[in-house]
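The values are calculated or read from the model by the stated rules, or taken from the named source; none is laboratory data. This structure is a prediction, so every number in the text was calculated from the model and none was measured. Every residue, glycine among them, receives a Cβ derived from its backbone with ideal geometry; neighbour counts consider all protein chains shown.
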Amino acid sequence: MTDATQVGTVPAAEGDTGRVIHPRLHHVFLKTPRLEEMKEWYRVVLGMSPNFEWDDGAFLTNDEANHRLVLFTSAQIADDPDKITRAGLHHIAYEYADCDELFDTWSRLKAAGIEPHACLDHGLTTSFYYLDPDGNSLELQYDNFGDWAGSTEFIRTSEDFRAEPIGQPVDPAALVAARAEGASMEEIHRRAYAGEMPATGDHDIRIPG
Ligand SMILES: [Fe+2]
């Protein structure tokens, strides 16, 4: 019997001419004009450490994979002042096991002077977005359903999601305070998604239009 949740064993969709193997996402490669600053930021935020470094870059990981992030520099790499309106990557996302892991991370980063540029209850996830030193957005999230089956059902069928796929801007401090007062992950999501904990101050999802 085929286990559809197992990578590499998903049957081809109707109409495919051959079996489609589904590989796992492995790593991201970022070009940077500030290698040392970027290495330090990803160490602090995600716990990335190098498995290999050379003058022009580093292969970093924060789990058992040989690398999850490559940072590469050269004298020809420059910042893009029009990054927001350029085609290309908007963000990279990392998922925590539950709200406490994300909230602990938010508190730890806040104490280190690192604040999100946007926070959203997307319906399927609660997500805090941070800008790295190059202005790349990094999404830190947890699944509001606690498992991918629940959030997959939601994204496929929810009328709320269809009406507003970006979700509800939220105040991370309010979410963290609610948790500290004993609210469950489900209650926090219900209240946040209903707009009871709206974003305050700077909130910029960095999407034009
Ligand atoms: Fe995302």
Search the range 139-187 for residues being among the aliphatic types (A, V, I, L, M) and over 21 Å from P198 (Cα atoms), and hand back the single one that is surrounded by the fewest Cβ atoms within 10 Å (Cβ to Cβ).
A149
Quick one: which of P133, P198, P116 is under 13 Å from the mean Cα position of the chain (by Cα) and modelled with pLDDT of 95 or more?
P116
Hey, does the range 122-140 have a residue that's more than 30 Å from V70 (Cβ to Cβ) and out of contact with any Lys or Arg (no Cβ under 9 Å at 6 or more places or on another chain)?
yes
Could you tell me whether S107 is away from the ligand (no atom under 16 Å from the Cβ) and polar (S, T, N, Q)?
yes
Given the conditions (1) within 23 Å of L35 (Cα to Cα); (2) more than 13 Å from the ligand (Cβ to nearest atom), and given that D100 satisfies all but one, which numbered condition is not satisfied?
(1)
Output for the range 113-166, where each listed residue is within 13 Å of the ligand (Cβ to nearest atom) and closer than 14 Å to I188 by Cβ:
C119, L120, D121, H122, G123, T125, T126, S127, F128, Q141, Y142, D143
With at pLDDT 95 or above, more than 21 Å from P116 (Cβ to Cβ) and more than 23 Å from the chain's Cα centre (by Cα) as the only criterion, which of D16, D56 stands out?
D56
